[in-house]
Structure formats: C-alpha cells, structure tokens
Amino acid sequence: MLVAFLAGALLLVVNSGLSVEMGADEGNPLFGVILFADLVLGLTALVLLPFRRRTPVTVGLIAGLIGGFSSFAVPAGLIILVSVAVRRRWRETAAVLTAWLVSIGVVEASGLTFSLTPAPASEVFFALVLGAFVLAGAVVTGMFIGNRRDLLVALQERAALAEADQQLRMEQARDHERTRIAREMHDGLGHRLSLIAMHASALRYRTDLGQDETASAANIVHESSRRALKELREVLGVLRDPQSPLGESPQPDAQELEALTALEPNVNLMLHVTPADIPSTTSRHIYRIVQECLTNARKHAPGCEVTVSLTGTAGENLNLSIVNALRPEKPQTLPTGGFGLVGIEERTKAVGGTMTVHITADEHRIDVVLPWPAQ
C-alpha cells in the first residue's frame, strides 16, 4: 500500500505539473476541484486495495472506473487489476479492462482533466491505446503470477504424493521384511522347538526306554536346541541390523534333507534326483516345505509314519510328495489355527509352482510341483 501511495502521489504531482506547463489554468476553480477529486479518488483506491483478494471483481470494477479519473488512483488500480488477472478468468478480467477503458475514454472526451478542455478524437484514441498497453502489462503480470502459483501448488502436491508413495513403499518393505522374518522363525525355529518338545516329552513320560534310546533322544534334543539357538541368533541379528539380511548367511537346502529327516524316527526319505543339481532358490524352498510338513505331521499325527519323495527331470518339473498316516481316532480335516499350509503355498508360488492337498480316511498328502529349468 505504501508503494501505491508514493507512486500515486508522484504521478499526481507530475500530471498536474505537466498540465500547468502545457497551459492549464491553475487559478481556475475547476482546476482545484479536479485536483481535490483526484486526491479523494486516489485515497479511495488505496482503501479498496486490502479488499482485492476478498472481492477482486467488485473492487477491480470500482478501481477501473476510478483509475480513468484519478492519476493518484492508477498505481493502486493496476495492483488490483493484477489480482483480478491472477485468477485467470477471462470474463472477469475483460469486465475490469472495459471499466478502465470506458473511464479513460469518458474523461479524455469530456475534458475532466487538468487541461480543462475536451481532447480531440485522435488524442482520445492515443490515450486508449496507451492505456490498453499499460493495462495489458498488468494483466500479463497477473497471469504470470497465477501460473507460478499453480505451478508451485502442483509441485507441492507432487512432492507430497512422492513422499506419501515413498512412505508407502517403506511400509511395504518393512511389512515384507517382517513377513520374511516371521516365516523363517516359523519354518526353522518352529520345527526345531516342536522336535525338542516331542523328544523331551518322551524322556519325561517314557520310563521303559533303554539307555541307548534315552541317549539318542537326549542327543536329538541337544542337537535341535543348538540349531534352534543358531537360527534364533541369525533372526535377532536381522532385527538389530536391518542392513544384514537373512540371505547373507548360508541357508539350508535340499542337500540337507537327509540330515533333517535323520532326526525323525518315523520318516522315510526317497530321493530320485541329485539335490546338488537343483537350483539354489528352489532347493531352499524344498527344504523349508519338507521341514514345515514334518512339523505339521508331528503336531497333528504324532508317531505316524511319514514318507517324503522327491522326483523329477531337469528341464521339466520337480515333484515333491509328503505323505503321512493319520490316527483313526482323530477327525480327518485340514489343520487349522496355524500358517503352515499358507507358508507352503507362498513358497511354492514364489518359484512358480503349484501345491495340492489330498486327505483320505487314513492319510494326509501334500503334492508340490516346482519348475526345474535345464542348466
């Protein structure tokens, strides 16, 4: 507002001074009336200036009508016109421009200037053209400011969306990592702990075991506890240091199936392929699938025989079959309440395979088909 006041005052002094030098009669009472009116209208435009953002069109129309009559009001009126043009609504801008041009034309044609004489048509036309150029500059400035503001808003929205997307990706990564750690704990530690619990129960309740059987069971408990502790340390290491993924440590694979099933007294392992020839990722999934199936069999059919069979042909498929007998006194339904089968299905799908579950009156069978690409 201070800039508009100073510029308006300067423009008023210059305009009135030039008019006097060009022959205007400053002693004429009408000259004083026009000077006073110019000052009052200019102050009115300054008063309207703070309201240009609240009601820009109304204020712009008033300032346009005033601007043609008052030199003092021109700077404030141009600032108001810029605010109207910022909205980039052509009808509103055109209405305010029309008010300005009509005001300029009427003032010049009627002689309501410091010269106190009506201007000829050529001078009126020149005043309109000059005014149009000045007004066009204000409109262009306003549109430029409006475009800049919209650009800044768009950039801020884009930055907010990018930040939200990055946050979502981070949450998804954390969720994936939690799921991966939970799966490793379920598959690895769950198997070890259930094996420990089974043999510890045997040592506790079986009083008829011989010395060799007792030593064998104790050895299994010791070995399973040691491995469970090792796997627990690996998982805790990941939790302490997220930059150290589980995949960096050697993971068990199909080559360790014999060691896995050796701890189980009722498991028959039939390998018709060479585990070392199986791709590493698929091999690790096979080990975890077998491990989970043995855990489920021990949980839902303790003491029953389990047969694990692995067949296949390189360049075609790997066929993994886990069959365990069921106790006749238990209902032959799918195990519920856990995530074992869900985990097996996820691992199977992860390498492009399929899983089917078959339940009959006396056995529970899981068949997994995995792709085995030729080397």
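The values are calculated or read from the model by the stated rules, or taken from the named source; none is laboratory data. Predicted, not measured: the structure shown is a model, and the values here were computed from it. Here the Cβ positions follow ideal geometry from the backbone for every residue, glycine too, while neighbour counts run over all protein chains shown.
Quick notes on this structure:
- Residues in segment 80-114 that are farther than 18 Å from residue 129 by Cα and in a helix (DSSP H, G or I): 80, 82, 83, 84, 85, 86, 90, 91, 92.
- Exactly one residue among 27, 17, 77, 8 is out of contact with any Ser or Thr (no Cβ under 9 Å at 6 or more places or on another chain) and either under 24 Å from residue 98 (Cβ atoms) or not in a helix (DSSP H, G or I) (or both), and that residue is 27.
- Residue match in segment 362-369 (condition: farther than 24 Å from residue 252 by Cα and at pLDDT below 85): yes
- Matching residues, segment 129-153, being touching a residue at least 24 places away in the same chain (Cβ under 8 Å) and either within 21 Å of residue 12 (Cβ to Cβ) or in contact with a strand residue (DSSP E or B) (Cβ under 9 Å, 6 or more places away or on another chain) (or both): 131, 134, 135, 138
- Residue 3 being within 57 Å of the chain's Cα centre (by Cα) and either not in a loop (DSSP other than H, G, I, E, B) or not basic (Lys, Arg) (or both): yes
- Test: residue 128 is at pLDDT 85 or above and closer than 30 Å to residue 38 by Cβ: yes
- Enumeration of residues in segment 352-369 that are of a type in the set (Lys, Arg) and crowded, with 16+ Cβ neighbours inside 10 Å: none
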